[in-house]
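To keep things clear, I will list the structure first and then write my remarks on it.
The values are calculated or read from the model by the stated rules, or taken from the named source; none is laboratory data. Nothing here was measured: the structure is a model prediction, and the numbers come from that model. Cβ atoms come from the backbone with ideal geometry, glycine included; neighbour counts cover every protein chain shown. Just so you know, the surface numbers come from the protein's heavy atoms only, side chains and all, with ligands and any DNA or RNA stripped out. Shrake-Rupley method; radii C 1.70, N 1.55, O 1.52, S 1.80 Å.
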Amino acid sequence: MLRRAFACLTLLLAAAFPHGTHADEGKTRVAILGVDHTAQLVAEKDQPGMLAAWLDLAKPAAVCIERPPEQASRQDFYEFTYEVQGIILPWAAKRGTALCPIDWTPPMDDQLLGFGVDLDTPLEIRKAQGFQGFLAFPDRKILDWDFFAAEDPATLAPLQKWAAEPAPRADRDLPRRLYLYRTFMQAQRIRAAAQGYRGETMLVVVGYFHKPDIEAILKNDPAIEIVSPASLGRPGEDAVRAATTTQHRGAILAFNLLGMQAATGVVNWDWVGRVLADFAGAAPSPEAKLFETRLAMLTGKIAPAEAARRYAAIANDKEAGKPFSWDGVKDRARIDSFFDPFGNLDVRQRARVELARALFAQGKNASAEQNLDQLAGELSPRKTLQLRGYTPLLKPAKPS
């Protein structure tokens, strides 16, 4: 695996247009799967086990992922690419499959010059939503997102229209221009990597908005055969279930129940309930009990007082001082993750946060604050400041 991985990185420095010497080795079959980053955690038809089972079905010689080679070599990935860290990396590690990082991003100086911010570094206190905010999917259409959604021209049409039309003001056209250059460089890195897999299948998993342009750039390369991901087969329900891990289920539950997604109300409650039943099993852990309580609270099956009682029991359970099955945290010095203001806490600590939320819901603000003060005593100064910064998110929304 290491030899193939290093070969993949080395080939990225090779000539962009392969000819001649390898012609007798056949073409590299390249399937570009367009994804909506992290949508696997909210769309049942695109769930983590679907991608894992499809990778088993396709049996690729290599999988190309959306991250520049330099950062990927340091195990530094985008926060929001759950499909990479949560699915592809563990799948590839278990099977010894090579990974080819194929993204390109502008140097830091150019980011600051063009946008005025470091696009890879979150704010100290993230915004609740929007640019540099927590990731959530507020549009209910996401619940129907299919694993092969990017194979539908209707999905790609709005993006293609945007990419083809300059902004009315040239000084506001940087996002589109950068998108075009970035996608071209992604295609070139795919082209270079494909040289090492003649006669084999190489998969590319990339944001769906990059897919049409990449395919257009590569389609005339005589050494590459672009194939539809759907042509490689669609996993059946049994295969998806078999490929689904405890970590996959934990990610689905954490994203929908503990993260900012819960506040949108855009949640497939039936699916989440079934995932939770599989996750909890016959003897629910403190983590599963926390998920169960949060689900019951969000769906109106228990009142805040009963939720508070349950959370208090979990917070006082010595067995609850363990990390979550999955949390999506990139920077362990922070209290948050890319989708959850309190994502970097263990189960016992998170139960205390949810206890405070339930107390705020009952109007018991003094008790809620006292509970958070107790938690703050266990945290670093930086995490404590972030805890205070995110506390308003625990309080009931004021009537508009």
> Scanning segment 118-131 for residues that are surrounded by 12 or more Cβ atoms within 10 Å (Cβ to Cβ) and out of contact with any helix residue (DSSP H, G or I) (no Cβ under 7 Å at 6 or more places or on another chain), which turns out modelled with the lowest pLDDT?
Replying inline: 120
> Has segment 310-319 got at least one residue that is within 25 Å of the chain's Cα centre (by Cα) and either modelled with pLDDT of 95 or more or over 28 Å from residue 121 (Cα atoms) (or both)?
Replying inline: no
> Quick one: in segment 298-316, which of the residues that are in contact (Cβ under 8 Å) with a residue 12 or more places away in the chain and open to solvent by less than 50 Å² (accessible area, probe 1.4 Å) is farthest from residue 345 (Cα to Cα)?
Replying inline: 304
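Filtering segment 201-215 down to residues that are out of contact with any strand residue (DSSP E or B) (no Cβ under 7 Å at 6 or more places or on another chain) and open to solvent by 30 Å² or more (accessible area, probe 1.4 Å), which residue is nearest to residue 51 (Cα to Cα)?
Among residues in segment 201-215 that are out of contact with any strand residue (DSSP E or B) (no Cβ under 7 Å at 6 or more places or on another chain) and open to solvent by 30 Å² or more (accessible area, probe 1.4 Å), the one nearest to residue 51 (Cα to Cα) is 209.
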>> I want to confirm something. Restricting to segment 284-297 and keeping residues that are over 11 Å from residue 257 (Cα atoms) and assigned to a helix (DSSP H, G or I), which single residue is most open to solvent (accessible area, probe 1.4 Å)?
In response: 289
> Within segment 302-333, how many residues turn out to be farther than 16 Å from residue 253 by Cβ and outside any helix (DSSP H, G or I)?
Replying inline: 9
> Could you list, in sequence order, the residues of segment 216-238 that are part of a helix (DSSP H, G or I) and over 24 Å from residue 53 (Cα atoms)?
Replying inline: 216, 217, 218
> Where residues in segment 66-94 are open to solvent by 30 Å² or more (accessible area, probe 1.4 Å) and among the aliphatic types (A, V, I, L, M), which of them is nearest to the chain's Cα centre (by Cα)?
Replying inline: 89
>> Any residue in segment 144-158 that is under 10 Å from residue 212 (Cα atoms) sitting within a Cβ distance under 8 Å of a residue that is part of a loop (DSSP other than H, G, I, E, B) and among the small types (Gly, Ala, Ser)? List the pairs, counting only those 6 or more apart or interchain.
In response: 151/228
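From the list 176, 169, 182, 198, exactly one residue is farther than 30 Å from residue 280 by Cβ, free of Cβ contacts under 8 Å to residues at least 12 places away in the same chain, surrounded by fewer than 20 Cβ atoms within 10 Å (Cβ to Cβ) and of a type outside the set (Gly, Ala, Ser). Which is it?
169
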>> Just checking, does segment 185-195 include any residue being closer than 17 Å to residue 83 by Cβ and either of a type in the set (D, E, K, R) or surrounded by fewer than 22 Cβ atoms within 10 Å (Cβ to Cβ) (or both)?
In response: no
> What are the residues in segment 144-166 that are open to solvent by 30 Å² or more (accessible area, probe 1.4 Å), among the hydrophobic types (A, V, I, L, M, F, W, C) and farther than 24 Å from residue 106 by Cβ, if any?
Replying inline: 145, 154, 157
> Got a sec? Which of 380, 367, 325 is surrounded by fewer than 14 Cβ atoms within 10 Å (Cβ to Cβ) and more than 20 Å from residue 133 (Cβ to Cβ)?
Replying inline: 380
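Anything in segment 389-400 that is loosely packed, with under 12 Cβ neighbours inside 10 Å and under 26 Å from the mean Cα position of the chain (by Cα)? List them, or say none.
392 - this is the single residue of segment 389-400 that is loosely packed, with under 12 Cβ neighbours inside 10 Å and under 26 Å from the mean Cα position of the chain (by Cα).
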